[in-house]
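The values are calculated or read from the model by the stated rules, or taken from the named source; none is laboratory data. Here the structure is a predicted model, which means the values were calculated and not measured. Don't worry about glycine lacking a Cβ; one is built from the backbone with ideal geometry, like all the others, and counts go over all protein chains shown.
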């Protein structure tokens with residue numbers, strides 16, 4: 001069993017050893033070179049080893065390639081219509097080339113329904129094609145509005161821009177007219193019964 005004197009004796013020895021090893025606690029210069037202070041008996045040996053490692057590192061050519069600059073990704077304009085994203089490319093030139101190719105291949109991305117309505121190979125740009133395609137698909141809306149304006153906007157008015165196709169619009173219009181006819185017939189019956 002240890003007594004107070006034993007503890008005092010061992011703590012004094014421990015404190016002396018710790019004072020000798022204090023340099024190891026604060027030594028961190030060798031971490032970068034894989035050198036541990038606990039591998040050396042004295043601080044001088046350790047510092048010499050670190051110095052040798054530093055000199056060797058400076059005299060050797062760097063084996064790591066230079067870091068690539070990806071800052072262009074932060075400032076480039078992203079075309080959200082395409083599936084081409086800057087983060088998929090190493091350089092801005094590669095990205096711009098892929099983006100250009102994507103825009104040149106627009107005819108190949110035209111869906112079958114659109115192709116049946118209008119041949120994309122008759123157009124030079126995708127924008128021209130889309131404009132004419134929209135006129136074919138949605139031109140009926142303007143015709144309906146012009147006709148409603150000509151008639152003075154009768155009480156039966158459905159906004160054609162709320163419908164995707166002419167068939168949807170006509171189906172809804174037919175329902176509204178049927179409801180109006182039924183309402184009118186009920187009002188006439190009510191008037192006839194009141195007389």
Condition check: touching a helix residue (DSSP H, G or I) at 6+ places or on another chain (Cβ under 9 Å), in the same structural domain as residue 120 (by TED's automatic domain parsing) and exposed (fewer than 12 other Cβ atoms within 10 Å of the Cβ). Does residue 165 satisfy that? yes
Here are some residues: 152, 124. Which one is within 30 Å of residue 82 (Cα to Cα) and surrounded by fewer than 10 Cβ atoms within 10 Å (Cβ to Cβ)? 124
